[in-house]
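> Following this message is one structure expressed as C-alpha cells.
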C-alpha cells in the first residue's frame, strides 16, 4: 500500500492506494478516516486499483474553513480523479462518504459505473421525515450544527466523544478498541480535525437545498445499499429498501445481521463478499 498527497480542488488530499486495474474509490464516514477501509483494501486490491482518500476536513487531508457542501466535496473527488488520470470509477461510500458519493453520482453520472452506499439515509430524506424519534437518534446532527460549542466541549476529551459513538453505534461495543480506537483518537486530536468534522455537518442546509434541486432525478447507475440491521438510527428506524428505491431504480439492498453503523469494520467478511459480487464485472 502506498500513500501520498494530491493537490486537487484547491486543497491537499491525503490518499492511500493499492492494486491495479479498474479504479474503485472508497469514501469514509464519521467519526472515521480512510483507516476505516483497512479490511477492504487488501481484498479489493487483488482485483482493482483501490483509492481511499481522507475527505475534506478529515484525517490528513486539509481542513479549510469552508467548502463542505456535498457538491463541493464531490468536486474534490472529481478533481482528484482528474489528477490521477481516472476517467470512470466504481464508487463506495459510507455515512458522510455516502452523501458525497450520492451527490457525485447525481452531478457526474457519466463518471460513475456503479455506486455502493453503506448505512446511510440521504440528507433530504432525514430532513423530510424528521420527528421526535428521528431527532433523538440524530441528536448529534443538531449538536454539531451549533457554532463553536462542540469544539470547545470536545477539546481534550476526544477519546470520550469518540468512545460514545463507537460504543453506541456498534452491535458489539468493543469492535473499535485497542490500536484501532487509538488511531481514530489521534486523528481527531489533530489541529482542526474536530472543526473539520463539524463543518461537514454544518453544511446540512446547503446539502438539503442541493438534494431538493434534483430530488426527482434518480441515480442512473446500478446501486447497492448496505446497512447494519441492528443500528437504531438507520436499519431499525427506516425502511431502507424503500428509502433507496426512491433514489435508484437499479438497486440491490442488503441488511447485514449482527451489525450496527460500521458494516465494513463490524462484519468485514460479509461486506467484502457483497462488494466483490457487486464489482466483479467492473473492468474500467
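The values are calculated or read from the model by the stated rules, or taken from the named source; none is laboratory data. If you're wondering where the values come from, they're calculated on a predicted model, not measured in any experiment. All Cβ positions, glycine included, derive from the backbone under ideal geometry; neighbour counts span all protein chains shown.
> Return the total of residues in region 138-150 being in a helix (DSSP H, G or I) and surrounded by fewer than 16 Cβ atoms within 10 Å (Cβ to Cβ). Let's see the steps before the verdict.
Taking region 138-150 as the starting set, the residues that turn out to be in a helix (DSSP H, G or I) are 139-145, 149-150.
In the following step, the residues that additionally are surrounded by fewer than 16 Cβ atoms within 10 Å (Cβ to Cβ) were identified as 139, 142-143, 145, 149.
Counting residues in region 138-150 that are in a helix (DSSP H, G or I) and surrounded by fewer than 16 Cβ atoms within 10 Å (Cβ to Cβ) gives 5.
> Going by the structure shown, is residue 59 at positive phi and touching a helix residue (DSSP H, G or I) at 6+ places or on another chain (Cβ under 8 Å)? Walk me through how you get there before you give the answer.
Numbers: at positive phi: yes; touching a helix residue (DSSP H, G or I) at 6+ places or on another chain (Cβ under 8 Å): yes.
Considered against the rule, which asks whether it is at positive phi and touching a helix residue (DSSP H, G or I) at 6+ places or on another chain (Cβ under 8 Å), residue 59 comes out as yes.
> Quick one: what pairs do we get from region 25-45, first residue farther than 12 Å from residue 200 by Cβ, second in a loop (DSSP other than H, G, I, E, B) and modelled with pLDDT under 95, C-beta under 7 Å, 6+ apart or different chains?
Hits for this filter: 41/1.
> Residues to consider are 38, 49, 71; find the one that is farther than 22 Å from residue 184 by Cβ and out of contact with any strand residue (DSSP E or B) (no Cβ under 6 Å at 6 or more places or on another chain).
Numbers: 38 fails: farther than 22 Å from residue 184 by Cβ; 49 fails: out of contact with any strand residue (DSSP E or B) (no Cβ under 6 Å at 6 or more places or on another chain).
Being farther than 22 Å from residue 184 by Cβ and out of contact with any strand residue (DSSP E or B) (no Cβ under 6 Å at 6 or more places or on another chain) holds for just one of 38, 49, 71, which is 71.
> Here's another thing I want to ask about it. Hey, does region 74-82 have a residue that's within 27 Å of residue 260 (Cβ to Cβ) and in contact (Cβ under 8 Å) with a residue 24 or more places away in the chain?
Checked region 74-82: at least one residue is within 27 Å of residue 260 (Cβ to Cβ) and in contact (Cβ under 8 Å) with a residue 24 or more places away in the chain.
> Could you grab me the full set of residues in region 135-154 that are touching a helix residue (DSSP H, G or I) at 6+ places or on another chain (Cβ under 7 Å) and in contact (Cβ under 8 Å) with a residue 24 or more places away in the chain?
Selection gives 138, 141, 144, 145, 150, 151, 154.
> Here's a follow-up. Specify which of the listed residues (92, 112) is closer than 17 Å to residue 214 by Cβ, surrounded by 15 or more Cβ atoms within 10 Å (Cβ to Cβ), touching a strand residue (DSSP E or B) at 6+ places or on another chain (Cβ under 7 Å) and at pLDDT 95 or above. Lay out the reasoning, then the answer.
Details: 92 fails: closer than 17 Å to residue 214 by Cβ.
Testing whether each residue is closer than 17 Å to residue 214 by Cβ, surrounded by 15 or more Cβ atoms within 10 Å (Cβ to Cβ), touching a strand residue (DSSP E or B) at 6+ places or on another chain (Cβ under 7 Å) and at pLDDT 95 or above leaves just 112.
> Then there's this: Could you go through region 7-28 and let me know if any residue there is under 28 Å from residue 163 (Cβ atoms) and in a helix (DSSP H, G or I).
Scanning region 7-28, I find no residue that is under 28 Å from residue 163 (Cβ atoms) and in a helix (DSSP H, G or I), so the answer is no.
> State which residue is surrounded by the fewest Cβ atoms within 10 Å (Cβ to Cβ) when the search covers only region 234-254 and only residues that are closer than 19 Å to residue 271 by Cα and touching a residue at least 60 places away in the same chain (Cβ under 8 Å).
Across region 234-254, the extreme among qualifying residues is 235.
> Can you tell me which of (1) within 17 Å of residue 264 (Cα to Cα); (2) assigned to a loop (DSSP other than H, G, I, E, B) is the one residue 35 doesn't meet?
(2)
> Give me the residue from region 159-172 that is over 20 Å from the mean Cα position of the chain (by Cα) and part of a helix (DSSP H, G or I) and, out of that set, surrounded by the most Cβ atoms within 10 Å (Cβ to Cβ). Give the derivation first.
Residues of region 159-172 that are over 20 Å from the mean Cα position of the chain (by Cα), as a first pass: 159-160, 172.
Among the residues that remain, those that are also part of a helix (DSSP H, G or I) are: 159-160.
Numbers: 159: 15, 160: 11.
Restricting to residues being over 20 Å from the mean Cα position of the chain (by Cα) and part of a helix (DSSP H, G or I), the top hit is 159.
Each row is one residue, and each column tells you yes or no for (1) over 20 Å from residue 114 (Cβ atoms); (2) crowded, with 20+ Cβ neighbours inside 10 Å.
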residue: 12; (1), (2): yes, no
residue: 17; (1), (2): no, no
residue: 49; (1), (2): no, no
residue: 53; (1), (2): no, yes
residue: 77; (1), (2): no, yes
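> So, one more: Here are some conditions: (1) within 21 Å of residue 64 (Cβ to Cβ); (2) under 21 Å from the mean Cα position of the chain (by Cα); (3) buried (at least 17 other Cβ atoms within 10 Å of the Cβ). Residue 175 meets all but one. Which one does it not meet?
(1)
> If residue 216 satisfies every condition in (1) over 17 Å from the mean Cα position of the chain (by Cα); (2) within 30 Å of residue 277 (Cβ to Cβ) but one, which is the exception?
Among (1) over 17 Å from the mean Cα position of the chain (by Cα); (2) within 30 Å of residue 277 (Cβ to Cβ), residue 216 violates only (2).
> So, restricting to helices (runs of 4 or more DSSP H) that lie completely within region 175-284, which ones have at least 3 residues that are closer than 20 Å to residue 28 by Cβ?
On the way: elements: 178-189, 193-202, 204-213, 240-245, 263-266, 268-279.
Qualifying helices (runs of 4 or more DSSP H): 178-189, 193-202, 263-266, 268-279.
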